[in-house]
Amino acid sequence: MGFDSGREMPDRVVVKVGTRLVVDDEGRPRRRFLDHICAQIRELIDAGTEVLLVSSGAVTVGWRMLPGPRKTLRVAERASAAAIGQPVMLRYWADSLAKVHLAPAQVLLTQDDVVNRDRCMRLRQTLEGLLAWGVLPVINENDSVTVEQVTFGENDLLAAMVAVAITPAELLVILSDQEGLYTADPRQSPRAELIRTVQPDEDVSRFAAGAGGPESLGGMAKKIQAARRATDCGIRVVIADGNVPEVLTRIVRGEEIGTCMLPGPRMPSRRAWLAAHLKPRGTLIVDGGARRALLQSDGCSLLPSGITDVQGDFHAGDVVTVNDAEGREIARGLVNYSAEETRAIRGQHSSRIREIIRRDGPPEVVHRDDMVVQVSE
Ligand code: GLU
């Protein structure tokens, strides 16, 4: 299939493995799977591809270790279960990795670590350092400290953020116990077909909505949303069944397994970080003229004169979304002024900025170099 680097194999791949692959219903390790995937990771590293692993399973492992029967976990219990499960899950990985002479390094993340540019860059350094040492980063959400509203939930989005923003990769492989994306629920419709390839601008969300029972339904829809964030930034995504023999090495070598979501043009990493931003701090509403200017060419900065309204509370340097009057997102970017200042200068000509806010500042509220236009959700 060929990658940007000109090589047949990607320089770097992020692999996400779902809970059902790594542990059974009782939270016991699925050793054969773990051994098999670790052997494949070894093979890829030996062939010159860097691998980062995003592993779920901690909550289930911890939950099953708690005394007494429990059908569900409350949010606070989930956080505690994760604290019990993380070290155990890492030990399962360590056992299987040891067989191929690899060591794991545990990295637990929250959304703040991605959203904050300094933390994100620090993380990149750490992870790249680990890769250079030949250690396998085993990444999971730090479920013990995340709050419900800002959890990654299933790790698909976390894996996409790792591939897009933290350690830019060329390929994201999402492995679960499902074969890929189907045109209908394969358990209910004999005519359901596996979708082999999805084009960068193809809307396949309708297929996810129709597929699977309550569990896999959300599961596939979320996988596609997460995958879209990656493909929008130029990263190829393959969704496949982790139980297929040699699935990872075969996918990385370009074999067609599962569903391959083809990427759009590659985005420079800073712009990708902006585009994939999870939590913009505010919104700038723009008039029709500014909307046209931003959409017509990717090369326009946003000036105060085109802004009609300012929502939220943000500081200079924060990420904001730019919406049109109908509430559609047009762009995302780093804002040069605080919310208060932007409110004061909105609708005004840039030449009046100094007089209004009593300090010098750039003529644009969001500079074109700090902006990504038309971010898809
Ligand atoms: N961070 C969660 C865990 O480790 C992810 C749960 C999931 O993806 O199912 O259990």
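Condition check ((1) away from the ligand (no atom under 14 Å from the Cβ); (2) more than 25 Å from ALA163 (Cβ to Cβ); (3) hydrophobic (A, V, I, L, M, F, W, C)) across all residues:
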site: LEU21; (1), (2), (3): no, no, yes
site: ARG31; (1), (2), (3): yes, yes, no
site: ILE41; (1), (2), (3): yes, no, yes
site: LEU52; (1), (2), (3): yes, no, yes
site: SER55; (1), (2), (3): no, no, no
site: GLY62; (1), (2), (3): no, yes, no
site: LEU73; (1), (2), (3): no, yes, yes
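For ARG117, state whether it is touching a Gly at 6+ places or on another chain (Cβ under 9 Å) and within 30 Å of GLY282 (Cα to Cα). Yes. Before we move on, is ARG122 farther than 30 Å from ARG253 by Cα, within 16 Å of the ligand (Cβ to nearest atom) and either buried (at least 16 other Cβ atoms within 10 Å of the Cβ) or among the charged types (D, E, K, R) (or both)? Against the criterion (farther than 30 Å from ARG253 by Cα, within 16 Å of the ligand (Cβ to nearest atom) and either buried (at least 16 other Cβ atoms within 10 Å of the Cβ) or among the charged types (D, E, K, R) (or both)), ARG122 does not qualify.
Per-residue answers, yes or no, for (1) touching a residue at least 60 places away in the same chain (Cβ under 8 Å); (2) crowded, with 23+ Cβ neighbours inside 10 Å; (3) within 20 Å of ASP25 (Cα to Cα); (4) of a type in the set (Val, Ile, Thr):
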| site | (1), (2), (3), (4) |
| --- | --- |
| ALA39 | yes, no, no, no |
| ALA47 | no, no, no, no |
| SER56 | yes, yes, yes, no |
| ARG78 | yes, no, yes, no |
| PRO87 | no, no, yes, no |
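When you look at ARG270, is it surrounded by 14 or more Cβ atoms within 10 Å (Cβ to Cβ), touching a residue at least 40 places away in the same chain (Cβ under 8 Å) and of a type in the set (D, E, K, R), yes or no? Here the answer is no, as ARG270 does not meet what is asked. Taken as a whole, the structure places ALA83 among residues that are surrounded by fewer than 21 Cβ atoms within 10 Å (Cβ to Cβ), small (Gly, Ala, Ser) and within 13 Å of the ligand (Cβ to nearest atom).
Of the strands (runs of 3 or more DSSP E) contained entirely in the stretch 301-352, those carrying at least 2 residues that are touching a residue at least 40 places away in the same chain (Cβ under 8 Å) fall at 319-323, 329-334. For the subset of the stretch 225-240 comprising residues that are touching a Ser or Thr at 6+ places or on another chain (Cβ under 7 Å) and over 17 Å from VAL54 (Cα atoms), which member is surrounded by the fewest Cβ atoms within 10 Å (Cβ to Cβ)? Residue satisfying both the conditions and the ranking: ARG228. Would you confirm whether any residue within the stretch 66-78 is at pLDDT 90 or above and either part of a helix (DSSP H, G or I) or under 22 Å from LYS223 (Cβ atoms) (or both)? The answer is no, given that none of the residues of the stretch 66-78 is at pLDDT 90 or above and either part of a helix (DSSP H, G or I) or under 22 Å from LYS223 (Cβ atoms) (or both). For the stretch 119-157, residues that are assigned to a helix (DSSP H, G or I), farther than 18 Å from GLY62 by Cβ, out of contact with any Pro (no Cβ under 6 Å at 6 or more places or on another chain) and in contact (Cβ under 8 Å) with a residue 24 or more places away in the chain total 8. Within the set VAL114, VAL198, the sole residue that is on the phi < 0 side of the Ramachandran plot and crowded, with 23+ Cβ neighbours inside 10 Å turns out to be VAL114. The residues in the stretch 173-191 that are over 17 Å from ILE224 (Cβ atoms) and small (Gly, Ala, Ser) can be counted, and the count is 1.
Here the condition is being of a type outside the set (S, T, N, Q), surrounded by fewer than 17 Cβ atoms within 10 Å (Cβ to Cβ) and over 16 Å from the mean Cα position of the chain (by Cα); of GLY264, GLY258, GLY289, GLY282, it holds for GLY289 alone. Please find, within the stretch 91-118, the residue that is nearest to the ligand (Cβ to nearest atom) out of those that are assigned to a helix (DSSP H, G or I), modelled with pLDDT under 95 and within 24 Å of GLU154 (Cα to Cα). By that ranking, first place goes to GLN111.
In the stretch 131-159, the qualifying residues are those that are crowded, with 20+ Cβ neighbours inside 10 Å and away from the ligand (no atom under 13 Å from the Cβ), and the one that is farthest from LEU102 (Cα to Cα) is PRO137.
Within the stretch 331-355, being among the hydroxyl-bearing types (Ser, Thr, Tyr) and farther than 19 Å from VAL115 by Cβ holds for TYR337, THR342, SER350, SER351. Filter the stretch 8-30 down to the residues that are of a type in the set (A, V, I, L, M, F, W, C) and within 13 Å of GLY85 (Cα to Cα), then identify the one that is farthest from the chain's Cα centre (by Cα). The extreme case among them is VAL23.
Scanning the stretch 160-186 for residues that are hydroxyl-bearing (Ser, Thr, Tyr), more than 14 Å from the ligand (Cβ to nearest atom) and either closer than 19 Å to LYS222 by Cβ or surrounded by fewer than 21 Cβ atoms within 10 Å (Cβ to Cβ) (or both) gives TYR182, THR183.
The values are calculated or read from the model by the stated rules, or taken from the named source; none is laboratory data. Because the structure is predicted, anything quoted here is derived from the model rather than measured. Using ideal geometry, Cβ is built from the backbone for each residue, glycine included, and neighbour counts are taken over all protein chains shown.
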